[in-house]
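The values are calculated or read from the model by the stated rules, or taken from the named source; none is laboratory data. This one's a predicted model, so the numbers in the text were calculated from it and none came from an experiment. Note that each Cβ is placed from the backbone with ideal geometry, even for glycine, and that neighbours are counted across all protein chains shown. With ligands, DNA and RNA removed, areas are computed over all heavy atoms of the protein, side chains included. Shrake-Rupley method; radii C 1.70, N 1.55, O 1.52, S 1.80 Å.
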Amino acid sequence: MSFKLKKNFLMGAATAATQIEGGECGHNWNDWYRQGKITDNSNPARANDHYNRWKEDIDLMAEMRIKIYRFGIEWARICPAEDRVDEEAINHYREEIKYLIKKKMKPLLTIHHFANPMWFENKGGFTNSGNIPVFLKYVKTVIESFGDLVPEYITINEPNVYATQSYYYGLWPPGGKSMLTAYKVMSNMAACHIEAYKMIHEMRKKMGHEDTKVSFALHARIFDPLKPHNSWHRICTYLLDRFFQQAIMEAMTLGVFRWPITKVDTAGKGEYCDFIAINYYTRSTISGFRDGVRKGSPKNDLGWEIYPNGIMRACLNYYRLIRRPIYITENGTCDNNDAFRSLYIHDHLKVLSELDLPVERYYHWCFCDNFEWIEGESARFGLVHVDFETQERTVKKSGEFYKEIIENHGVTDEMYDKFVKDREYHY
Ligand code: BGC
């Protein structure tokens with residue numbers, strides 16, 4: 001059960017601003033909380049108080065030997081109004097980024113991760129193609145402010161999850177329930193990504209930098225029919241896969257807008273991806289037009305199937321579309337008692353170590369327990385435990401395992417016996 005990781009494989013952690021920072025910033029999740037939509041009623045204004053404790057958190061990451069860090073910045077903080085940029089917020093993030101670099105961690109900056117300022121939301125957000133320049137203006141501010149420090153960017157996190165949760169299932173702000181609108185949002189986000197990709201490259205080039213890398217993070221899911229020989233199950237699998245990820249992946253990566261994504265004027269064909277960014281969690285088992293979970297499969301605390309081979313299939317699926325280095329920009333699990341996270345990490349990294357593709361980076365989701373969107377503080381994904389009342393951080397057993405994997409560049413038999421053996425998933 002021991003394995004070695006590939007030579008240039010780097011490991012780190014991922015977070016998102018809204019999930020860790022805390023504070024009343026005038027974004028749509030502050031508002032969603034006030035509308036009573038968080039299932040455990042926890043307040044994103046608390047979260048991890050990372051906006052004040054960033055130094056302590058970075059120190060802890062350094063102690064855990066983390067080499068790469070994917071993090072977000074809060075649009076609503078940077079632009080509290082459409083025509084205002086808050087220099088204090090910019091300086092705050094600059095300090096944080098400089099400290100990260102000082103601690104020898106390579107930053108990967110996510111520009112948009114599910115949260116919008118309310119002033120943008122009130123203008124129709126991404127449902128309105130007239131708002132594409134508004135998003136691009138924010139991107140311009142980001143590069144003017146951080147472009148000298150950060151070479152690598154994710155423009156938009158999981159447009160497929162954002163559009164479906166916020167505009168089809170109605171679970172996330174603003175609670176829309178229209179498939180048509182969800183596709184409009186995906187189409188507009190694809191145009192935003194393409195234009196942002198070009199802009200970031202151009203701007204950094206003018207600043208004299210040649211090392212720019214830009215992509216978007218795809219929530220890559222595996223779709224399998226419940227019964228492989230049942231034609232209905234297969235048709236539904238094909239369609240859900242296309243609806244959820246194939247169409248948006250083609251649009252954002254290559255500027256190819258095909259059903260059900262519609263073309264937005266500004267975007268042309270090209271290659272808009274310097275690395276493949278995959279967020280992988282689970283598989284859907286399909287027997288109709290809805291999500292399903294395989295009976296008897298291992299599951300996490302949210303009931304998601306744990307399917308380690310899926311990480312390989314997700315990489316292969318994307319690599320067929322475009323040959324680029326692969327970064328796993330998120331992978332992790334909700335395990336409130338840290339009962340099986342080490343097993344999960346072991347199983348997914350082992351699959352990656354055996355995969356004959358250029359997988360170069362792995363960002364575990366998440367560094368510490370945080371505000372998990374509508375599940376609030378009730379779903380723990382962290383390598384580090386957070387007591388939300390006292391804000392005390394404690395490295396979990398799986399966090400110690402993670403640190404040892406980084407130090408040993410793999411898992412030894414001793415490590416396996418200490419951290420993984422006898423751990424079990426739920427069934
Ligand atoms: C999102 C994260 C989220 C994680 C676990 C991903 O889809 O990017 O923000 O916390 O899944 O649900």
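Tell me, which helices (runs of 4 or more DSSP H) wholly within region 99-187 include 3 or more residues that are out of contact with any strand residue (DSSP E or B) (no Cβ under 9 Å at 6 or more places or on another chain) and charged (D, E, K, R)?
132-146
If I ask for residues that are over 30 Å from Leu108 (Cβ atoms) and touching a helix residue (DSSP H, G or I) at 6+ places or on another chain (Cβ under 6 Å), which ones from region 216-236 would you list?
Those that are over 30 Å from Leu108 (Cβ atoms) and touching a helix residue (DSSP H, G or I) at 6+ places or on another chain (Cβ under 6 Å): Pro225, Leu226, Lys227.
Inspect region 315-324 for any residue being in a loop (DSSP other than H, G, I, E, B), touching a residue at least 12 places away in the same chain (Cβ under 8 Å) and of a type outside the set (A, V, I, L, M, F, W, C) and give the result as yes or no.
Checked region 315-324: at least one residue is in a loop (DSSP other than H, G, I, E, B), touching a residue at least 12 places away in the same chain (Cβ under 8 Å) and of a type outside the set (A, V, I, L, M, F, W, C).
Can you tell me how many residues within region 339-349 are part of a loop (DSSP other than H, G, I, E, B) and open to solvent by less than 20 Å² (accessible area, probe 1.4 Å)?
Adding up the residues that qualify gives 1.
Report, by residue number, each residue of region 37-65 that is among the β-branched types (Val, Ile, Thr) and open to solvent by less than 40 Å² (accessible area, probe 1.4 Å).
Ile38, Ile58, listed by residue number.
Residues of region 190-210 being open to solvent by 80 Å² or more (accessible area, probe 1.4 Å) and within 26 Å of Tyr319 (Cβ to Cβ), which ones?
Of everything in region 190-210, just one residue is open to solvent by 80 Å² or more (accessible area, probe 1.4 Å) and within 26 Å of Tyr319 (Cβ to Cβ), namely Glu210.
Look through Ala314, Ala267 and report the one residue that is within 25 Å of Thr181 (Cα to Cα) and either in contact with a Gly (Cβ under 7 Å, 6 or more places away or on another chain) or of a type in the set (A, V, I, L, M) (or both).
Ala267
Please go through (1) crowded, with 17+ Cβ neighbours inside 10 Å; (2) closer than 30 Å to Ile38 by Cβ for Gln391 and return the number of the only condition it doesn't satisfy.
If we test Gln391 against (1) crowded, with 17+ Cβ neighbours inside 10 Å; (2) closer than 30 Å to Ile38 by Cβ, just (1) comes out false.
Would you mind telling me which numbered condition in (1) open to solvent by less than 50 Å² (accessible area, probe 1.4 Å); (2) touching an Asp or Glu at 6+ places or on another chain (Cβ under 6 Å) Lys397 fails?
Just one mismatch for Lys397, condition (1).
Restricting to region 56-98, and then to whatever is of a type outside the set (Lys, Arg) and part of a strand (DSSP E or B), can you tell me which residue is farthest from the chain's Cα centre (by Cα)?
Top of the filtered list is Ala81.
Taking Thr333 as the residue in question, decide whether it is buried (at least 17 other Cβ atoms within 10 Å of the Cβ) and either acidic (Asp, Glu) or assigned to a strand (DSSP E or B) (or both).
Against the criterion (buried (at least 17 other Cβ atoms within 10 Å of the Cβ) and either acidic (Asp, Glu) or assigned to a strand (DSSP E or B) (or both)), Thr333 does not qualify.
All but one of (1) in a loop (DSSP other than H, G, I, E, B); (2) more than 16 Å from the ligand (Cβ to nearest atom) hold for Ser42; which doesn't?
Exception for Ser42: condition (2).
Give the residue that is most open to solvent (accessible area, probe 1.4 Å), with candidates limited to residues of region 350-384 that are more than 16 Å from the ligand (Cβ to nearest atom) and without any contact (Cβ under 8 Å) to a residue 60 or more places away in the chain.
Asp356
Could you check how many residues of region 81-107 are open to solvent by less than 40 Å² (accessible area, probe 1.4 Å) and more than 30 Å from Asp265 (Cβ to Cβ)?
Total satisfying the criteria: 10.
Return only the number of the condition from (1) within 16 Å of the ligand (Cβ to nearest atom); (2) surrounded by 15 or more Cβ atoms within 10 Å (Cβ to Cβ); (3) more than 21 Å from the chain's Cα centre (by Cα) that Ala217 does not satisfy.
For Ala217, the exception is condition (3).
Within region 258-284, how many residues are surrounded by 19 or more Cβ atoms within 10 Å (Cβ to Cβ) and more than 22 Å from the chain's Cα centre (by Cα)?
Qualifying residue count for the region: 2.
Restricting the search to region 285-314, which residues are farther than 30 Å from Arg324 by Cα, away from the ligand (no atom under 16 Å from the Cβ) and open to solvent by 10 Å² or more (accessible area, probe 1.4 Å)?
Ser287, Phe289, Arg290, Gly292, Arg294, Lys295, Gly296, Pro298
Being in contact (Cβ under 8 Å) with a residue 60 or more places away in the chain and charged (D, E, K, R) is the filter here; which residues of region 41-62 pass it?
Arg46, Asp49, Arg53, Glu56, Asp57
What are the residues in region 33-55 that are closer than 26 Å to Thr141 by Cα and more than 19 Å from the chain's Cα centre (by Cα), if any?
The answer is Ala45, Asp49, Tyr51, Asn52, Arg53, Trp54, Lys55.
Being under 27 Å from Val185 (Cα atoms), more than 16 Å from the ligand (Cβ to nearest atom), open to solvent by 40 Å² or more (accessible area, probe 1.4 Å) and not polar (S, T, N, Q): is that true of Asp148 here?
no
Could you grab me the full set of residues in region 262-285 that are part of a loop (DSSP other than H, G, I, E, B), of a type in the set (A, V, I, L, M, F, W, C) and touching a Phe, Trp or Tyr at 6+ places or on another chain (Cβ under 6 Å)?
Within region 262-285, just Phe275 meets the criteria.
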